[in-house]
Amino acid sequence: MRSEKEKRSLERIDLANLNGSVELMETVKPIAILNACEEGVCIEGADFPVGSIVRLAINRSEASQDISLYCKVVWSSNEKDTDKRAGLLFLNTNKILFKQDLISFNGIIASARQRLNQ
């Protein structure tokens, strides 16, 4: 049963060892992706102002190209929180401008979901 605070309609999938960076203007911060769904991600390592539009770059293996998606910061940890976490919602423009990146990201989610169900 979902809690009343839960706003996601899709199941969160924990992602281990998925790193990247978040860029706002000329500030780039390394991050780890804690969990994700097809609509967005929860990151650790950086917090940006809620409402900011950022570029999320996800590091892939050497055989695959990195994934780049634009997101809106929908929540951010308290300034006193040392974990520096934030929730990023994928923007609809990704479906048009970054279709292949979005497909690749959804492949990561599908693969992680499959591992959980085994």
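Across the range 64-79, computed HN-Hα scalar couplings (Karplus, 6.51 cos²θ - 1.76 cosθ + 1.60, θ = phi - 60°) run 10, 6, 4, 9, 10, 9, 9, 9, 10, 6, 9, 7, 9, 5, 4, 3 Hz from first to last residue, x flagging Gly and Pro.
Convex hull volume of the C-alpha atoms in the chain, normalised per residue: 125 Å³.
Counting lysine pairs in the range 13-116 whose alpha carbons fall under 19 angstrom apart, excluding pairs fewer than 8 residues apart on the same chain, gives 6.
Amide H to amide H distances under 5 Å link Arg12 with no residue, where only residues 5 or more positions off or on other chains count and H is placed in the peptide plane.
Values quoted throughout were computed directly from the atomic coordinates according to the rules given, and no laboratory measurement underlies them. Keep in mind that what you see is a predicted model, and the values were worked out from it rather than measured.
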